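J.: Got a structure for you, written out below as structure tokens; questions coming shortly.
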Amino acid sequence: MNDPSLGATVRVPALPRVAVAERQGPRRRVPGGTVLVHAALFACVAVIAFPLYFAFVISTQELSEVIQKPPRLLPSSHAVENYVEAWRRSGMARLLFNSAIVAVAVAVGKISISMLSAFAIVYFRFRGASFVFWLIFLTLMLPIPVRILPTYEVVGNLGWLNTYAGLSVPLMASATATFLFRQFYMTVPNELAEAAQIDGAGALRFLWSFLLPLSWANIAALFVVLFIYGWNEYFWPLLITNTEEMRTVVIGLERLIPRTGTELPTWNLIMAGAMMALLPPVAVIVFMQRWFVKGLIESEK
Amino acid sequence: MKRTVFPNRWLPYLLVAPQVAVTIVFFFWPAGKSLYLSVFKSPPVGGRDIFVGLDNFTALLRDREYYESVLNSFVFAGGVTVLSVAGGLVVAVLANQKIRGLGFYRTALLWPYGIAPAVAGIIFLFIFHPAYGILPYLASFVTAYEFNWLLKGWIAMTLVVVATSWTQLGYNIAFFLAGLQGIPTSVMEAASVDGASPVRKFTAIIVPLISPITFYLVVVNMVFAFFSSFGVIHAVTQGGPGNATGIMVFKLWKDGFIGLNLGSSAAQSVILMAVVIGMTMLQFRFAEKRVTY
């Protein structure tokens with residue numbers, strides 16, 4: 001009974017009014033105006049998509065095509081060899097694997113510790129609760145750059161340089177996720193906790209069997225946003241990894257760019273590498289758009 | 001209303017322990033250490049820290065490169081904020097019409113948010129490439145001006161600003177769309193009945209009603225540009241040409257991890273801490289006010 005399927009609970013639409021607006025369709029609008037709006041929107045989409053299209057086109061060309069003038073804006077036939085070469089040269093398999101581990105670890109870690117602390121703050125009276133709340137709140141004001149050297153030192157002392165723990169654990173504290181869960185728990189009717197207590201369920205049982213199933217929508221939304229955050233983090237992984245095997249893809253990509261004059265500027269391979277690095281997070285947004293928008297808007301407030 | 005609570009004495013401490021541990025070990029202890037280091041001079045080869053008072057800060061005040069990095073940070077953050085917030089508002093207003101395919105448009109406008117600014121920077125690096133890039137090529141038809149970011153600082157700055165704005169735009173569109181949908185249709189319909197033009201509706205109704213969101217986004221984009229833009233600078237321009245794109249976070253990294261001047265780097269961290277505290281307080285002060293609208 002207290003194990004509703006994911007589909008049943010994941011029901012909160014991100015922005016319900018959008019769906020309404022869509023269903024109403026064009027109404028009380030001159031057809032010409034609608035066409036104009038579509039044209040303008042389509043132009044925006046095209047402008048926004050152009051850099052990616054251009055990167056893709058370059059990634060399919062051979063070097064002689066890349067440097068020709070005027071620039072060739074159509075895909076060529078060298079996609080497979082370019083992607084294979086970029087994959088091999090950058091050690092892409094390992095880079096993508098590392099990024100995936102770090103992104104999932106950051107997302108799952110942040111969500112887990114935030115759920116637990118929000119649960120404690122809402123469902124218990126304990127000495128120091130407001131102190132804990134403020135402690136978590138103040139992390140908002142301590143982004144990585146303001147504590148970078150000492151954090152590096154701490155991670156070094158823990159022996160966590162070049163480890164997945166070092167890459168992910170220091171990024172895990174999250175005020176925004178804690179606030180989101182806290183706010184959500186406050187909207188859960190009191191009767192639920194009362195009923196659980198009358199039935200003899202303990203706190204952990206209540207969290208696991210009642211709150212967790214109710215929280216899937218929030219968890220999914222946060223996961224998408226945090227996965228992208230973890231995947232795209234640059235400063236931290238650059239500092240605490242110095243071996244090829246532990247680089248994440250956002251860092252590793254930079255290796256494809258020639259910094260000396262003697263190397264060939266193989267821009268087709270660089271673009272192929274960029275395409276592979278950006279595809280996973282972009283795919284997550286496209287396929288989980290609803291959760292993404294919800295997570296973005298609710299977790300940042 | 002009193003909330004139902006569970007009676008356990010020790011369980012809540014156990015539940016908050018992981019978050020508190022991470023917070024203290026990786027946030028508060030290092031932040032405190034930054035404060036401490038900022039008033040000491042640490043010999044890079046080892047040995048005892050020497051208390052130097054505010055010397056690290058006064059040294060920064062005499063450092064021309066630091067002034068440049070502060071200026072660069074504001075130019076960069078201002079550019080990213082104006083471009084991506086204003087652009088986001090225009091696109092969101094367009095997309096907020098009663099038309100078919102809104103879901104498609106929203107996805108089609110949102111996806112660049114998934115791209116790391118550093119990766120976006122690498123793509124724009126080629127678009128701006130002095131020899132092979134499409135932008136300098138197009139510019140060559142219009143002007144004889146040498147459109148070369150390796151030589152012209154402002155072009156390098158434009159490159160990183162545009163690349164960062166490209167990734168941030170979708171975020172702002174998502175927020176503006178959510179805000180626009182909160183405007184009651186009756187208000188807009190009343191304006192239509194009164195014969196207000198679309199431009200008038202935009203300036204007289206939409207802009208004032210969503211100003212709280214605009215303000216929120218301005219602060220968030222500024223904070224993002226100040227504190228999360230190391231990647232695009234490091235991957236693309238390395239602060240160059242000269243020091244034209246050397247923003248504060250980049251200088252902090254360069255002085256601390258390349259120059260091994262820990263005291264100066266810590267002092268820069270402390271200054272950035274003041275900046276982020278100021279920005280966050282601004283954001284929360286306004287967040288309270290915005291309930292009234």
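Table: residues versus (1) farther than 20 Å from B:Ala225 by Cα; (2) modelled with pLDDT under 90; (3) hydrophobic (A, V, I, L, M, F, W, C).
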position: A:Trp208; (1), (2), (3): yes, no, yes
position: A:Ile228; (1), (2), (3): no, no, yes
position: A:Trp231; (1), (2), (3): no, no, yes
position: A:Leu238; (1), (2), (3): no, no, yes
position: A:Thr241; (1), (2), (3): yes, no, no
position: A:Glu244; (1), (2), (3): yes, yes, no
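J.: Can you pull out every residue in the stretch A:93-137 that is crowded, with 16+ Cβ neighbours inside 10 Å and polar (S, T, N, Q)?
T.: Answer for the stretch A:93-137, where residues must be crowded, with 16+ Cβ neighbours inside 10 Å and polar (S, T, N, Q): A:Asn98, A:Ser99, A:Ser114, A:Ser117.
J.: Kindly indicate the residue of the stretch B:79-90 that is touching a helix residue (DSSP H, G or I) at 6+ places or on another chain (Cβ under 8 Å) and closer than 21 Å to B:Ile210 by Cβ and also surrounded by the most Cβ atoms within 10 Å (Cβ to Cβ) among those meeting that condition.
T.: B:Val80
J.: Let me ask something else. Does A:Ala173 count as part of a loop (DSSP other than H, G, I, E, B), of a type outside the set (Phe, Trp, Tyr) and under 29 Å from A:Phe137 (Cα atoms)?
T.: yes
J.: To continue, here is another question. Is it true that B:Phe128 is within 14 Å of another protein chain (Cβ to nearest Cβ), at pLDDT below 95 and in contact with a helix residue (DSSP H, G or I) (Cβ under 7 Å, 6 or more places away or on another chain)?
T.: So B:Phe128 passes the test.
J.: For A:Leu74, only one of the following conditions fails: (1) in a helix (DSSP H, G or I); (2) in contact (Cβ under 8 Å) with a residue 12 or more places away in the chain. What is its number?
T.: So A:Leu74 meets the others, but not (1).
J.: Quickly run through the stretch B:234-246 and pick out the residues that are in contact (Cβ under 8 Å) with a residue 60 or more places away in the chain and within 10 Å of chain A (Cβ to nearest Cβ).
T.: Hits for the stretch B:234-246 are B:His234, B:Ala235, B:Val236.
J.: Answer yes or no as to whether B:Ala120 is within 25 Å of A:Val66 (Cα to Cα), surrounded by 13 or more Cβ atoms within 10 Å (Cβ to Cβ) and within 27 Å of the chain's Cα centre (by Cα).
T.: So B:Ala120 fits the description; yes.
J.: If the requirement is being polar (S, T, N, Q) and either at the interface with another protein chain (Cβ under 9 Å from one of its Cβ atoms) or assigned to a loop (DSSP other than H, G, I, E, B) (or both), which of these qualifies: A:Asn268, A:Asn218, A:Asn242?
T.: Selected residue: A:Asn242, the only one of A:Asn268, A:Asn218, A:Asn242 that is polar (S, T, N, Q) and either at the interface with another protein chain (Cβ under 9 Å from one of its Cβ atoms) or assigned to a loop (DSSP other than H, G, I, E, B) (or both).
J.: For the stretch A:152-168, state whether one or more residues are among the small types (Gly, Ala, Ser), surrounded by 15 or more Cβ atoms within 10 Å (Cβ to Cβ) and facing another protein chain (nearest Cβ under 8 Å).
T.: No, every residue in the stretch A:152-168 fails to be among the small types (Gly, Ala, Ser), surrounded by 15 or more Cβ atoms within 10 Å (Cβ to Cβ) and facing another protein chain (nearest Cβ under 8 Å).
J.: Let me ask something else. Is the stretch A:178-195 home to any residue that is surrounded by 23 or more Cβ atoms within 10 Å (Cβ to Cβ) and either within 11 Å of chain B (Cβ to nearest Cβ) or touching a Phe, Trp or Tyr at 6+ places or on another chain (Cβ under 9 Å) (or both)?
T.: Checked against the condition, which is being surrounded by 23 or more Cβ atoms within 10 Å (Cβ to Cβ) and either within 11 Å of chain B (Cβ to nearest Cβ) or touching a Phe, Trp or Tyr at 6+ places or on another chain (Cβ under 9 Å) (or both), the stretch A:178-195 yields at least one hit.
The values are calculated or read from the model by the stated rules, or taken from the named source; none is laboratory data. On a predicted model such as this, the values are computed, not experimentally measured, just so you know. As a convention, Cβ positions derive from the backbone with ideal geometry for all residues, glycine included, and neighbour counts pool all protein chains shown.
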